[in-house]
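Enquirer: Okay, here's the structure, questions in a sec.
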Amino acid sequence: MARIPLIVGNWKMHMTLEETTRFCVSLKQGLAGDPRTSSLVKSGALELAVAPPFISLAASAEALRGSSICVTGQDVFWADTGAYTGEISSLMLRDAGCRFALAGHSERRQYFQETDEEVNRKAAALLRTGLSPIVCVGETLSERQGGAAFQVIEQQVRAGLKGLAMKSPQDLVIAYEPVWAIGTGQTATPEQAEEAQAFIRKLLEEMLPSFAPEMRILYGGSVKPDNISKLMAMPDVDGGLVGGASLDSGSFLEIARGACPRS
Ligand code: PGA
């Protein structure tokens, strides 16, 4: 089975509730005005998702109802419930209407010292609740320059997916996001993305042989309307995790268009 392209808009810490609703309404309208993309989304041949801040998840799910556009958490805590002030569980994400959640975004690793072990526990919590984790991996500039990129990616993939109980290849998505490409405008070349993502696919073939061919690997890091098609043309790039360019519904939709499977 072919891998269904997936485009996820990671809003990070942007947008008020009012802006969220406005964005969702305008995205829905934009999609309705584009019959080809809209029919691909409706038929499940292209998947779109937005990842707003926690407090806007329920409102986004409500505003996007009927559009087939999914809602995604930007993070999750590994316990289902308990005395963990300030945290949000996978059950709560599901309750708010989420289908996916990010685990181990590089900003969480960098600013909140998230470890591979925590990323693994978060992914396990999501799977337990029926949500699909989007496990983010990727090397920093100094790691790449020091020749350690593939070692870092391998460590993050192996530790992040360790012992996870997946039932189908669609249960989990990997996002390869080289840290040096995030928010910098310096997108990885399609060849660099492919090299890393083919490497990740090889690891998956070893770890999860029956699922690997159908698992989706997204690229993230300065994805824009004008570079998505070239990235998507690579055999192991199955979609995009988009930050800055996802904050405008028009630009997000253009990226979605660029990711459409060719008919
Ligand atoms: P960017 O962010 O598209 O703004 O580079 C990507 C991400 O952090 O997921």
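Read the figures in this text as sums done on the coordinates, not as results from a lab. If you're wondering where the values come from, they're calculated on a predicted model, not measured in any experiment. Ideal geometry is used to build each Cβ from the backbone, glycine not excepted, and the neighbour counts take in all protein chains shown.
Enquirer: Among Leu241, Tyr176, Ser68, which residue has its Cα positioned farthest towards the positive end of the charge dipole of the chain, with +1 placed on the Cβ of Lys and Arg, -1 on the Cβ of Asp and Glu, and the dipole taken about the Cα centre?
Expert: Result: Ser68.
Enquirer: Among Lys28/Lys162; Lys28/Lys122; Lys202/Lys230; Lys162/Lys230, which pairs are too far apart, with a Cα-Cα distance over 28 Å? Intermediate values should be presented prior to the final figure.
Expert: Details: Lys28/Lys162 38 Å; Lys28/Lys122 31 Å; Lys202/Lys230 22 Å; Lys162/Lys230 32 Å.
Among Lys28/Lys162; Lys28/Lys122; Lys202/Lys230; Lys162/Lys230, the Cα-Cα distance tops 28 Å for Lys28/Lys162; Lys28/Lys122; Lys162/Lys230.
Enquirer: Please work out the Cα convex hull volume for the stretch 1-147 and give it in Å³ per residue.
Expert: Residue-normalised Cα hull volume stands at 148 Å³.
Enquirer: Here's another thing I want to ask about it. Roughly how many Å is it from the Cα centre of the stretch 75-110 to that of the stretch 132-184, as a whole number?
Expert: 18 Å
Enquirer: Please sort 63-69, 96-102 by packing, taking for each peptide the average over its residues of neighbouring beta carbons within 10 angstrom, highest first. Please list the in-between numbers first.
Expert: Values: 63-69: 17.0, 96-102: 21.9.
For the peptides 63-69, 96-102, the packing ranking is 96-102, 63-69.
Enquirer: Using only DSSP helix segments of four residues or longer, with each worth -39500 (n - 2.57), what per-residue ellipticity at 222 nm results for the chain after dividing by its residue count and rounding to 500? Let's see the in-between values first.
Expert: Values: 11 runs with 107 residues, N = 263.
Value at 222 nm, helices only, nearest 500: -12000 deg cm²/dmol.
Enquirer: A further question follows. With charges only on Cβ, +1 for K and R and -1 for D and E, what is the dipole size of the chain about its Cα centre, in debye, rounded to 20?
Expert: Values: 25 positive and 30 negative charges, 128 e Å.
For this selection, approximately 620 debye.
Enquirer: Per 0.36 nm of contour for each residue apart, how much would the distance between Thr115 and Ile55 grow if the chain were fully extended, relative to their Cα-Cα spacing?
Expert: Values: separation 60, 0.36 × 60 = 21.60 nm, distance 2.48 nm.
Taking 0.36 nm per residue and subtracting the Cα distance, the gain is 19.1 nm.
Enquirer: May I ask you to order 119-132, 169-182 by the average number of other C-beta atoms within 10 Å around their residues, highest value first? Walk me through the intermediate numbers first.
Expert: Values: 119-132: 21.1, 169-182: 23.4.
Answer by packing, highest mean first, reads 169-182, 119-132.
Enquirer: Given the Cα-Cα distance of Ala45 and Ala165 and 0.36 nm per residue of separation, how much length would full extension add, in nm?
Expert: Details: separation 120, 0.36 × 120 = 43.20 nm, distance 2.59 nm.
Once the chain is fully extended between Ala45 and Ala165, it gains 40.6 nm.
Enquirer: Rank Ile153, Trp11, Gln29 by how far each Cα sits towards the positive end of the charge dipole of the chain (+1 on Lys, Arg Cβ; -1 on Asp, Glu Cβ) and give me just the farthest.
Expert: Farthest along the dipole direction, towards plus: Gln29.
Enquirer: Looking at the square roots a ≥ b ≥ c of the eigenvalues of the Cα gyration tensor of the chain, which shape do they give, rounded for a/c under 1.5, prolate if a/b is larger than b/c, or oblate?
Expert: Numbers: a/c = 1.41, a/b = 1.11, b/c = 1.27.
Because its axes are fairly even, with a/c under 1.5, the chain counts as rounded.
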